[in-house]
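Asker: Dropping a structure here in structure tokens format, bear with me for questions.
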Amino acid sequence: MTRTLVQLFRDYLEERRINRNRLVTKDGHCNIEYGHMRYSNRFAYWLDLWTTILELRWSIVMILFIASFVLSWFIFALTWYWIAYSNGDLWWQYPPADHKPCVINVYGLTTAFLYSLTTQMTIGYSVRVITSLCPDAITLLVIQTVIGTIIKSFWCGIIISKFSLPKKRAKTINFSETAVISPKNGALCLQLRVANLRKTLMVGSHIYGKLLRTTVTPEGETIIMDQIKIDFLVDAGKDNLFFACPLTLYHMIDKSSPFCEMAVDTLQQQEFELVVFLDATDESTSFFCQVRTSYIPREIMWGYDFFPIITRSKDGTYCVDFSEFARVVPVLTPHCAYCCDNGTAHNYDSSCCNDNQGRNSRKSSVNLRRVNINF
């Protein structure tokens with residue numbers, strides 16, 4: 001029992017270390033820190049106040065929401081209190097019986113606060129009523145009404161916009177936790193799976209990738225984040241995908257691919273991060289959204305393929321079994337891209353093939369054994 005808890009704790013720490021080292025997390029957040037920012041750069045966040053508030057957490061937004069109303073009520077309450085004081089309406093000023101106040105029943109700070117609240121929120125209990133004797137009070141009434149309307153309109157827009165952010169729609173787009181490398185149409189391909197969990201379509205879907213790694217140029221310059229474009233295809237092409245059901249995307253590992261120099265026994269030794277992007281427009285809201293995820297070498301399984309999850313019932317209905325969405329099965333796969341003859345389909349060198357039958361299909365790193373296969 002103790003060993004199990006220790007192992008779970010070690011696995012948790014290892015997972016946290018890996019997540020800190022990757023640029024894009026599995027749920028699409030960019031893991032990057034900005035340091036030594038100048039004051040002018042920080043001030044730019046306040047100039048773009050709308051976006052700054054939209055990017056805050058809901059808890060902070062609600063605190064700011066409540067604080068803005070309470071603070072505005074109190075500030076105007078002090079102003080109403082000052083007007084009452086200037087007119088001699090306060091109780092401790094002992095106004096005469098025939099005294100005519102600026103605001104009826106406003107004779108202290110508490111009553112001034114209550115009148116400020118009912119005025120700004122247009123409640124109007126008719127217990128505290130402004131009179132026409134004080135021009136300052138009438139002017140303040142107009143100012144508070146306008147400012148209160150602006151505050152309510154601002155927060156109404158913030159809350160509606162925050163509920164309808166495109167990144168909320170992106171939560172219903174799922175990528176497979178792992179990618180696989182296996183033959184497809186006579187070529188070695190890197191494959192991954194993506195699914196839309198809603199029935200509403202994503203219009204104009206476009207999927208592409210970026211391979212991030214550290215490289216050194218011939219001039220000796222070290223590029224920390226060298227980006228290499230990775231094209232992903234489906235059988236129907238790569239642009240304007242019909243995203244009605246889960247799709248299996250594949251990248252052909254040819255001579256121009258950065259994966260061409262990798263092999264089954266060297267893949268786990270590489271240091272790179274494959275970031276995958278999906279750009280699309282939701283047909284129900286017309287909002288553009290981008291979904292991101294990333295894969296590191298330990299999340300790429302060589303010699304496996306995705307299990308089919310789309311079937312057709314007897315009545316002709318298409319069915320998708322999401323319980324098998326992450327399932328992979330072992331397949332016969334060449335040892336490297338050079339062993340796979342792209343010109344002749346299924347014509348592999350038998351000494352370069354790997355057979356994963358009998359292995360754990362969900363294991364992220366496996367030791368593949370050589371077998372002799374005759375085609």
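Yes or no, residue by residue, for (1) more than 36 Å from the chain's Cα centre (by Cα); (2) among the hydrophobic types (A, V, I, L, M, F, W, C); (3) within 30 Å of Arg292 (Cα to Cα); (4) modelled with pLDDT of 95 or more:
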| position | (1), (2), (3), (4) |
| --- | --- |
| Val106 | yes, yes, no, no |
| Thr122 | yes, no, no, no |
| Ser126 | yes, no, no, no |
| Leu140 | yes, yes, no, yes |
| Gln144 | yes, no, no, yes |
| Ser153 | no, no, no, yes |
| Cys156 | no, yes, yes, yes |
| Lys167 | no, no, yes, no |
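Asker: Report the residue count in region 300-309 for those that are surrounded by fewer than 20 Cβ atoms within 10 Å (Cβ to Cβ) and either in contact with a strand residue (DSSP E or B) (Cβ under 7 Å, 6 or more places away or on another chain) or assigned to a strand (DSSP E or B) (or both). Give the derivation first.
Answerer: Here is the first cut: in region 300-309, the ones surrounded by fewer than 20 Cβ atoms within 10 Å (Cβ to Cβ) are 307-309.
Add one more test, that the residue is either in contact with a strand residue (DSSP E or B) (Cβ under 7 Å, 6 or more places away or on another chain) or assigned to a strand (DSSP E or B) (or both), and what stays is 307, 309.
The qualifying residues number 2.
Asker: Does at least one position in region 122-131 carry a residue that is out of contact with any strand residue (DSSP E or B) (no Cβ under 9 Å at 6 or more places or on another chain), assigned by the TED database to the domain that holds Trp92, without any contact (Cβ under 8 Å) to a residue 12 or more places away in the chain and part of a helix (DSSP H, G or I)?
Answerer: no
Asker: Here is a follow-up. Here are Phe325, Phe288, Phe277: which of them is closer than 22 Å to Ile224 by Cα and touching a residue at least 60 places away in the same chain (Cβ under 8 Å)?
Answerer: Only one candidate qualifies: Phe277.
Asker: May I ask you to list the residues in region 96-139 that are in contact with a Leu (Cβ under 8 Å, 6 or more places away or on another chain) and among the hydroxyl-bearing types (Ser, Thr, Tyr)?
Answerer: Tyr107, Thr119
Asker: Being over 26 Å from Thr311 (Cβ atoms) and crowded, with 20+ Cβ neighbours inside 10 Å is true for just one of Leu188, Leu211. Which residue is that?
Answerer: Numbers: Leu211 fails: crowded, with 20+ Cβ neighbours inside 10 Å.
Matching residue, one of Leu188, Leu211: Leu188.
Asker: Give the residue, chosen from Leu249, Leu197, Leu165, Leu241, that is of a type outside the set (Gly, Ala, Ser), closer than 19 Å to Ala280 by Cβ and touching a Phe, Trp or Tyr at 6+ places or on another chain (Cβ under 6 Å).
Answerer: That would be Leu249, the only listed residue that is of a type outside the set (Gly, Ala, Ser), closer than 19 Å to Ala280 by Cβ and touching a Phe, Trp or Tyr at 6+ places or on another chain (Cβ under 6 Å).
Asker: Can you pull out the residues in region 29-65 that are surrounded by 13 or more Cβ atoms within 10 Å (Cβ to Cβ) and either in contact with an Asp or Glu (Cβ under 8 Å, 6 or more places away or on another chain) or touching a residue at least 12 places away in the same chain (Cβ under 8 Å) (or both)?
Answerer: Hits for region 29-65 are Ile53, Leu54, Val61, Phe65.
Asker: Also, quick follow-up: Looking at region 132-154, which of its residues are among the polar types (S, T, N, Q) and not in a helix (DSSP H, G or I)? Steps first, please.
Answerer: We begin by selecting, within region 132-154, every residue among the polar types (S, T, N, Q); these are 132, 139, 144-145, 149, 153.
Passing the criteria: only Ser132.
Asker: Could I ask something else about it? Taking Cys289, is it surrounded by fewer than 18 Cβ atoms within 10 Å (Cβ to Cβ) and either under 30 Å from Leu165 (Cα atoms) or modelled with pLDDT of 90 or more (or both)? Break it down into steps so the answer makes sense when it comes.
Answerer: Numbers: surrounded by fewer than 18 Cβ atoms within 10 Å (Cβ to Cβ): no; either under 30 Å from Leu165 (Cα atoms) or modelled with pLDDT of 90 or more (or both): yes.
Against the criterion (surrounded by fewer than 18 Cβ atoms within 10 Å (Cβ to Cβ) and either under 30 Å from Leu165 (Cα atoms) or modelled with pLDDT of 90 or more (or both)), Cys289 does not qualify.
Asker: For region 285-331, name all the residues that are basic (Lys, Arg) and either outside the structural domain of Leu247 (by the TED database) or under 17 Å from Ala244 (Cβ atoms) (or both). Even if it seems obvious, please write down each step before you answer.
Answerer: Quick first cut of region 285-331, residues basic (Lys, Arg) only: 292, 298, 312, 314, 327.
Answer for region 285-331, where residues must be basic (Lys, Arg) and either outside the structural domain of Leu247 (by the TED database) or under 17 Å from Ala244 (Cβ atoms) (or both): just Arg312.
Asker: Can you find even one residue in region 66-81 that is closer than 30 Å to Val142 by Cβ, touching a Cys at 6+ places or on another chain (Cβ under 6 Å) and either surrounded by 13 or more Cβ atoms within 10 Å (Cβ to Cβ) or modelled with pLDDT of 95 or more (or both)?
Answerer: Taking region 66-81 as the starting set, the residues that turn out to be closer than 30 Å to Val142 by Cβ are 66-81.
Filter once more, so that each one left must be touching a Cys at 6+ places or on another chain (Cβ under 6 Å): none.
No: region 66-81 contains no residue that is closer than 30 Å to Val142 by Cβ, touching a Cys at 6+ places or on another chain (Cβ under 6 Å) and either surrounded by 13 or more Cβ atoms within 10 Å (Cβ to Cβ) or modelled with pLDDT of 95 or more (or both).
Asker: Another one. Which of (1) surrounded by 13 or more Cβ atoms within 10 Å (Cβ to Cβ); (2) part of a helix (DSSP H, G or I) is the odd one out, the single condition Pro101 does not satisfy?
Answerer: All conditions pass for Pro101, except number (2).
The values are calculated or read from the model by the stated rules, or taken from the named source; none is laboratory data. Given the structure is predicted, the values throughout are model-derived calculations rather than measurements. Counting neighbours? That spans all protein chains shown, and the Cβs are built from the backbone with ideal geometry, glycine included.
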